[in-house]
Amino acid sequence: MKGKTEYIVRSHFEKYKDIIIMEEQKSDNPKIDKLLKTASKKGGGQGRPEYTITYKNNFDLLIVIECKADKLNMKV
């Protein structure tokens, strides 16, 4: 089920590929990579969200997407 959610997210953002940079599981941006180094769920390692999205004209804006298979297991 999680794969289906990832497909939906990827398909949605694909139409904006001319204005965004969408990366999966890790980032080539050193600033984002540094932020993710201490962002694991348990606090002891590298965070790996499904997607990180930045706008090509505004690198200060970061969207982080963590896909969930079941909405009942989501933590807000």
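For this structure, a couple of remarks:
- The alpha-carbon of K37 sits under 14 angstrom from the alpha-carbons of these aspartates and glutamates, leaving out residues fewer than 8 places away in its chain: D28.
- Dipole axis of the chain (+1 Lys, Arg; -1 Asp, Glu on Cβ), positive-most option in G3, N29, A69: A69
- Shape category assigned to the chain from the gyration tensor of Cα positions, a/c cut at 1.5: oblate
- For the chain, a crude dipole built from +1 on the beta carbon of Lys and Arg and -1 on the beta carbon of Asp and Glu, taken about the Cα centre, is about 320 debye to the nearest 20.
Every number in this text was worked out from the coordinates using simple rules, so none of it is lab data. What you see is a predicted model, and the numbers here were worked out from it, not measured in a lab. Using ideal geometry, Cβ is built from the backbone for each residue, glycine included, and neighbour counts are taken over all protein chains shown.
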